[in-house]
Structure formats: C-alpha cells, structure tokens
Amino acid sequence: MEKRRTVPIALNVDSHSAALLEDTVDEFLWAANYVTRHAFDGEYVTTSKTTLHDDTYEDVRDETALHSNHVQAARNKAAEACKSVVEKWKQGKKGSMPHFTSPHLVYDHRTATFHDEYVSLATVDGRIEADYVLPDEERDTPHAEYFFSDEYETTGAELHYSNGNWMLHIHCKTDVESDTPEQATENGTVLGVDLGVTNLAVTSTGSFWTGDEFDHWRREYETRRGSLQQCGTRWAHENIQSVGRKEEGRFTITLHRISNDLVAEARTHGCSVIAFENLTDIRERTGASWGHKWAFNRLYEYVEYKAAEYGINVAQVDPENTSRRCSTCGFTHPDNRDREDFECLKCSYENHADYNAAKNIGLRYLRRNQTGSGGGAPVGVRLNSGTLNANGAYDPPAEDSARAGVHAESPPL
C-alpha cells in the first residue's frame, strides 16, 4: 500500500525572487478563478477536467505567462472546487461559485526541482532558487524522516505565502506493506472525533486534547507580530518572518502529536474508521478563528495519511445537530447543550457536550454506512468500554456480556 507524507519547509527568499513568486501566485489564482467562472457560465456547472481544459487552456496561456503545468494545476484546482459545490447541492446544502484568494501555488516535477539544500521553482519569468530553512536538530524531524530519506519519493509540493513567509509543503510517498491485523479492518468499529475551540479534539472513547496550549501560543505570536509591525524597520520585518516560521513549526509539531494520538487511539480500540464532522463551515458553527480552521484542516490531513498506513479509513459526516442531539435517546433540541454541559431534556442523560457530540459523529457515520449484511461495515461506535450500536444502544465489552445485566454506560471522563 502507499504511504504519503507532507513536509512543510520554510524558504529563504530574496526580494527579487519574492516579487517573481508573488506575480506567479497572482496569475495562478487568476487562472483558477477564470476556469471557475467558465465552469459556472452555463445551464449546468462543468466539472470535467477534460472539458475545462479544452475550453480554457488556450485562453489562460494567452492571458498569462504561467508554465503549462501551472495552467493545468490551476484548472485542476478549479475543477475540484466546482465538483465540491455540486456535491453540496446534491445533499441539499447551500454552495456558491468558488473564488480563490489564499496565496498558494501548486508545483510538480516539471515546475520544481528539489535539491539537498535548496529548491528551484518555475515562475512567470524564469526560475528562482530558494534555500531551505531547516531546524537545528537533524534527527527525529519530518524533514529527515521523509523528505531527505532514500525510502521516500518526492511527488510535488504546494507553495504558501502568509505573514511574510514562504512555506513549501512537500509531498512524499513510499510503498509499504500493511501490518494491520485483519480483524482491525473487518467489521471493526468507528471512532467519532469532535473538533472545537476549547478542546481541539474529543473522541467517542472519552479522550480529550485541550486547546489551551494552542490558544496561548497563538495569542503570544500575534502579540509579537503586532509589536514588531509597529517598529516598521527592516530588522522588524525579518523578525516577523522568523516569528511566523516558529509559529507554524510549533503548531505543526502539536498537530502531529495529536494526530499520532488519534491514530493510536483508533488502533488500540480496533477501529476501522475515524469519523470527523465535515470541516467546510466549521468556523461558522464553532466560532473558531482562521487559525483554528487551519489547524482543523491540517489535523484531518495528518490523521488521514497516518491512518492509511494501518488500513484505517478516515471520513467526514454531516455535522448538523451533532452538538444538540442526545446520543442516548436521539432527542434533539438547542437547549440540550449549555456551553460544555449536555443534559437531555427528554431522558436526562448528562455528560460533557463535546463527548456527546463525538459519539453522535460516530453514530452518523455508522448509520450512513450500515449494509445490514456485514460486508466489512463497522458494527458500532467505540466507547472507552463497550460500543454503541446503530440504534444508539450500549453494548458492553465481550468479557462483561456474560455478567448479570450490565447495560448502563459509565461515562469515560
């Protein structure tokens, strides 16, 4: 099976190269938005990459100085975004024409050449070279383990620009043999995961990962950047870039740790699926900041590729009412939840609100994927002890089932 990793590396970009990269990013975004507008310019939204290529390739080449592979990458971005909107419509959800604004640029082996100490990147006016900015430690880093490893192949990268920093997210892959026991993926269970601001992640097994540290350092770095911006000197500008690199590095390490813990939690409890809520509108639902939204997306990506190594699937489910629905009786009402407390107005079930939501997320995946005939479908939502079946009823662990009538769940908090 294929094992994929993404390694973020900061780049040291001089002012001339930065200007060329900015121009290239601008034209890449223009191209993606041009293709998107064309896809929506008709009775039906066009999602076929082949059709969009035939209709827009020559126009984009004429209007920009982009490399041909950048034109194709922009088209792919647009096609995937349009397809996502159409899928929303099919589910009865609202969705509007995508518009790309976040500064980024997709590279492949035709547009990027990766060397030991630097990368060569295609721009709208030739190539630029940028040195890697690497951590002092040479061992036990994603750079050493994946990017500089002979076992991994570099497949491409995505360049991002934020707060004066250029970050190259390099994609690596290798082929490995899965050592996952068959029972871990055949008729396994679902691990539900709820994401939030106060608690970054909570699982249906009752494990919590608090957001206190994340919030502390986010505020700390914002304060540092604000103080430096007031100086307005070149020294301050260079230090703002340094602060940005440290911030992303710290958060990346934290999210890698949490993702490792989540995959370990799934493996420990024999789960074949890790279910998250759909992340599309999570900022609106949770009141999260842009930084939290970035963290949620990055955490999901990390869990997705790490779980694949063990044959565990990762999926997203409709989040509607998962925080208001009682995971015990199914009664749904806004007043069931009061901040972090959940108490069902119907059956009086009480527990932590995020834990209740995590169970509902797992139940939603379970019900969506029940086949009624086995076939490898998960059989329950994993709790700290026992499971919830598709009807929301508690099933005790096998070793307890022979004991006299143990059917009441003990909250794993």
**OP:** Can you tell me the FRET efficiency between Asn384 and Glu58 if r is taken as the Cβ-Cβ distance and R0 is 56 Å, rounded to the nearest 0.05?
**Re:** 0.40
Subject >> Of Lys306/Lys359; Lys83/Lys359; Lys93/Lys173; Lys90/Lys346; Lys49/Lys94, those spanning more than 25 Å from alpha-carbon to alpha-carbon >> reply: Lys83/Lys359; Lys93/Lys173; Lys90/Lys346
Subject >> Length gained when the stretch Ser102-Glu158 is fully extended (0.36 nm per residue, less Cα-Cα span) >> reply: 18.9 nm
Original post:
Rounded to the nearest 0.05, what FRET efficiency do Ser348 and Glu151 have when you use their Cβ-Cβ distance and R0 = 45 Å?
Top reply: 0.25
Original post:
So how much slack lies between Asp338 and His16, counting 0.36 nm per residue of separation and subtracting their Cα-Cα distance, in nm?
Top reply: 110.5 nm
Original post:
Quick one: Karplus J couplings for the range 15-31, per residue in order, coefficients 6.51, -1.76, 1.60, θ = phi - 60°, nearest Hz, x for Gly and Pro?
Top reply: 4, 5, 5, 4, 4, 5, 5, 4, 4, 5, 4, 4, 6, 5, 5, 4, 4
Subject >> Phi to ³J(HN,Hα) by Karplus 6.51 cos²θ - 1.76 cosθ + 1.60 over the range 337-343, Hz, x for Gly, Pro >> reply: 10, 10, 6, 8, 9, 10, 9
**OP:** Could you calculate the FRET efficiency of Trp89 with Ser120 from 1/(1 + (r/R0)^6), where r is the beta carbon distance between them and R0 is 41 Å, rounded to 0.05?
**Re:** 0.45
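Every read-out reported here was derived from the displayed coordinates using simple, explicitly stated rules and does not represent laboratory data. For clarity, every value in this text was computed on a predicted model and none was experimentally measured. A quick note on method: Cβ atoms are made from the backbone with ideal geometry, for glycine too, and the neighbour counts reach across all protein chains shown.
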